[in-house]
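Encoded as structure tokens, the structure appears first; notes follow it.
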Amino acid sequence: MTEAVAEHVDILIVGAGPVGMTLHLALAAGGLKSLLLDRRPQQAQQADPRALALSHGARQLIEQIAAWPARAATPIETIHISQKDGFGRTLIDRTDYDLPALGYVVRYRDLAGALAANLADDAVLSEAEILDITPGDDHVTVSLRHAGELRSIQTRLLVHAEGTPGDDPDVTVSDYAQHAVICEVTPTPGHNKRAWERFTPDGPLALLPLGNEYSVVFTLPPATADAVLAMDDAAFTAALQAQFGGRLRFTKPGQRSRFPLTLRLRDPLVKDNEVWIGNAAQTLHPVSGQGFNLGLRDAWQLAEILLADGVDRSSLTRYAAHRRLDRKGGALFTDGIVRAFSNDFAPLRVARGLGLLALDLFPPARHFVAKRMIWGGRAWP
Ligand SMILES: Cc1cc2nc3c(=O)[nH]c(=O)nc-3n(C[C@H](O)[C@H](O)[C@H](O)COP(=O)(O)OP(=O)(O)OC[C@H]3O[C@@H](n4cnc5c(N)ncnc54)[C@H](O)[C@@H]3O)c2cc1C
């Protein structure tokens, strides 16, 4: 082990996930240099099983840093929203919005790969272990171990993009008592570029078109998730079919993975020369696919403010103020949907049915929900 060597960078980004990489590339496009640091080897992201539904607005941003994985993206042309064992349904159609697609589905690994392909060789310190973070007056010092060496990096701005936070007094946690079991299945007939969001008393079930398959997010209470993970393929397909209904037939389920679901909201977003973005700032329930879309807008807006106003504390304060409405809106939107729909209380079932019917019959209400999905923060007044 050798002694720590003092180094200086303007912006250090902890976490080279999709949000951290987007920030790095957006800053680089405007001429600002930053260093990414990740505790895992870069290829680890290629094992992530998630599929991400990205909004039309997200595609437009990712195209600006030339990282849109066009060939790996499946367009969503319609979204069908309904509830199990209840009436009411609504259909959101791209033709109402004069868009090529409402959104797109890409595998996490394809998006991460497309972003990583645009990084310079020296952009990331992979397999780096942070040992200590010490705030100073106008900088932050990060001590770390990398490739057998102790290093000390002084940075004017430390960006936390390290994903879902653990226990921290600044993070409010609300446990949904739901786990997402995800996998890919083959539908018959084909998906016709339609996504499904089906609310059930166990939690929402989402089917996202991906290539010729559906990427399934099957939300369940933890004990039911245990049982579903242990099933053989035939029993799993039958359980999925029972939850979804008979409009499509599913076969050939792929490998299953599980994610426990919580809402984690960090407040404050900024402390002196440190700022939190992406899942590190807010981790949401995956219903309606808001998480990465929101994190992408975090990265984008932070880059815009730093490029326009300079790398200093006052820029961070401005950033936090700018992000308040979008992140609170995203959290309230997903949290409200999960809590209103994940129960079997008969009067609420009727109210939900009326709500879905109203969405279908009352275009302004439907357009509000659709615009939230297409544009995210720009949908708010
Ligand atoms: C089942 C499921 C389905 C989802 N579906 C959607 C969807 O359809 N649409 C959508 O928009 N969002 C979706 N999301 C949310 C989305 O996955 C996240 O919002 C997104 O991955 C956040 O990206 P990130 O870069 O902030 O964090 P991450 O993707 O978690 O990346 C964090 C990076 O930081 C690194 N890291 C962690 N700790 C450290 C450390 N101490 N030091 C250094 N590096 C560190 C990690 O190795 C990783 O590379 C879904 C989530 C789940 C669980």
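Things worth noting here:
- Lysines with Cα under 25 Å of Lys33, excluding same-chain neighbours fewer than 8 positions away: Lys271
- Antiparallel beta bridges, as assigned by DSSP with both residues in the chain, represent about 70 percent of the total such bridges.
- Other-chain or far-sequence residues with amide H under 5 Å of Thr200's (modelled H): Lys84, Leu205
- Its alpha carbons considered, the stretch 1-156 gives a radius of gyration followed by a Dmax of 20.2, 68 Å.
- Remark: the Cα gyration tensor places the stretch 1-70 in the oblate category, a/c being 1.5 or greater and a/b not exceeding b/c.
- Annotation: aspartates and glutamates with alpha-carbon distance below 18 angstrom to Lys252 (same-chain offsets under eight excluded): Glu184, Glu213, Asp232, Asp233.
- Taking every DSSP beta bridge that has both ends in the stretch 75-215, the antiparallel portion is near 85%.
- The chain, accessible area per residue, ligands and nucleic acids excluded (1.4 Å, Å²): 44 Å²
- Cut-off under 5 Å, modelled amide H: who pairs with Thr164 long-range: none
- When the helices of the chain are scored as -39500 (n - 2.57) per DSSP H run of n ≥ 4 and the total is divided over every residue, the value at 222 nm lands at -11000 deg cm²/dmol.
- Whether the stretch 189-347 is rounded, prolate or oblate, judged on the alpha carbon gyration tensor where a/c under 1.5 counts as rounded: prolate
- Considering the chain at the alpha-carbon level, its Rg and Dmax are found to be 21.4, 69 Å.
- This model, with +1 at the C-beta of Lys and Arg and -1 at the C-beta of Asp and Glu, gives the stretch 246-306 a dipole about its Cα centre of some 760 debye.
- Across the options Tyr319, Trp300, Ala331, the greatest Cα extent toward the positive end of the charge dipole of the stretch 265-337 (unit charges at beta carbon of Lys, Arg, Asp, Glu) belongs to Ala331.
- Most positive-pole-ward Cα, His80, Gly30, Ala47, against dipole of the stretch 1-96 from beta carbon charges: His80
- Partner aspartates and glutamates whose Cα lies under 20 Å from the Cα of Lys84, excluding those fewer than 8 positions away in the same chain, are identified as Glu197, Asp202, Asp335, Asp344, Asp360.
The values are calculated or read from the model by the stated rules, or taken from the named source; none is laboratory data. Owing to the predicted nature of the structure, the values given are computational and were not obtained by experimental measurement. Neighbour counts are summed over all protein chains in view; Cβ atoms, including those assigned to glycine, are modelled from backbone coordinates with ideal geometry. All accessible areas refer to the heavy atoms of the entire protein, side chains included, with ligands and DNA or RNA removed. Shrake-Rupley method; radii C 1.70, N 1.55, O 1.52, S 1.80 Å.
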